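K.L.:
Take this structure, written in structure tokens, and hold onto it; I'll ask about it next.
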Amino acid sequence: MLVFWDIDGTLLTTGRAGIYAWQDALRDVSGANADLESFDTAGHPDYGIARRLLVEHGGMPDPAASAVRELVERYEHHLPDALPRRAGRVLPNVRQILEGLSREPGARCLLLTGNTSRGARAKLEHYRLAEFFSDGAFSDGVGDRIAIARAALARVSRAEVAAAAGSVFVVGDTPHDVRCGQAIGARTVAVATGDYEADRLQAAGAWRTLPQLPPVTEFLAMLGDRELATDV
Ligand SMILES: [Mg+2]
């Protein structure tokens with residue numbers, strides 16, 4: 001079983017603390033003082049966010065790749081100091097599910113995220129989830145979420161993919177995550193713990209849509225298509 005995990009809105013919420021890091025980064029690179037509180041970041045890769053920020057708030061109609069990269073690097077620099085500025089949290093049942101999967105023979109968790117690898121590490125370390133993820137695919141260049149999904153699958157050996165046949169899952173909170181799952185032939189578990197309502201996720205074609213991640217036994221039963229043991 002392979003389980004690819006989105007981060008924001010799925011494993012944890014930073015309370016949009018990352019916005020502070022983007023604001024500081026934008027000021028560093030372009031001098032602009034922007035209020036990004038309502039800027040849509042959900043499900044978008046960091047490099048795409050950076051490019052859009054330079055266009056919409058940085059006075060750069062066609063930013064050079066070097067400017068985008070510089071903005072991302074400044075964001076990564078500011079992010080660890082930004083995270084404690086908002087009361088974020090690990091989302092319900094996440095830690096128990098990751099612990100449960102770590103004990104499941106043949107189960108492996110990887111990241112599949114629009115965060116850069118440095119950004120992802122900062123968030124997972126701040127919320128003490130880093131130990132559950134040794135690998136994954138990130139927004140470390142110009143690729144869109146689909147490209148990141150293909151890169152995530154490429155992190156796994158063919159033998160492992162074959163062994164997991166039918167048991168490859170993407171867990172995420174946006175229609176972008178659902179499309180990621182579809183692009184790599186995975187089943188998507190969509191959770192309405194981020195910016196999207198369950199009906200939007202269902203309409204996008206999620207395999208399962210849940211208001212939040214369920215207790216670990218229920219989650220494992222769902223992925224394993226096992227009947228839930230009933231209490232007698
Ligand atoms: Mg997300």
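K.L.:
Is it possible to state the helix-based mean residue ellipticity at 222 nm for the chain, with each DSSP H run of 4+ residues giving -39500 (n - 2.57), the sum divided by total residues, to the nearest 500 deg cm²/dmol? What is it?
P.N.:
-13000 deg cm²/dmol
K.L.:
Rounded, prolate or oblate for the stretch 86-232? Axes are the square roots of the Cα gyration tensor eigenvalues, ordered a ≥ b ≥ c, and the cut-off for rounded is a/c under 1.5.
P.N.:
Because its axes are fairly even, with a/c under 1.5, the stretch 86-232 counts as rounded.
K.L.:
Hey, another quick one. Could you compute the net charge surrounding residue 110? Neighbours are other residues with a C-beta less than 12 Å from the C-beta of residue 110; K and R count +1, D and E count -1.
P.N.:
-1
K.L.:
With springs only between Cα atoms under 10 Å apart, run a GNM on the chain and tell me which of 61, 105, 175 wobbles the most.
P.N.:
Among 61, 105, 175, the largest GNM mean-square fluctuation belongs to 105.
K.L.:
Which of the GluC sites (Glu not before Pro) found in the stretch 1-89 are loop residues per DSSP with 16 or fewer other Cβ atoms within 10 Å of their Cβ?
P.N.:
37
K.L.:
If amide H atoms are built 1.01 Å from N in the plane of the peptide, which residues on other chains or at least 5 residues away come under 5 Å of the amide H of residue 188?
P.N.:
170, 207, 208
K.L.:
A follow-up question, please. What residues of the stretch 176-203 lie in the reach of a label at residue 225, counting those whose backbone N is under 11 Å from a point 7 Å from the Cα along Cα→Cβ?
P.N.:
none
K.L.:
If packing is taken as the average number of other Cβ atoms within 10 Å across a peptide's residues, how do 111-121, 207-217 rank, most packed first?
P.N.:
111-121, 207-217
K.L.:
Okay, next question. Quick check: the distance between the Cα centres of the stretch 198-224 and the stretch 53-72, to the nearest angstrom?
P.N.:
Comparing the Cα centres of the stretch 198-224 and the stretch 53-72, I get a distance of 37 Å.
Values in this text are rule-based calculations from the coordinates and carry no lab data. Bear in mind that the values here come from a model prediction, so they are computed numbers and not experimental data. Reconstructed Cβ throughout: ideal geometry from the backbone, glycine too, with neighbour counts over all protein chains shown.
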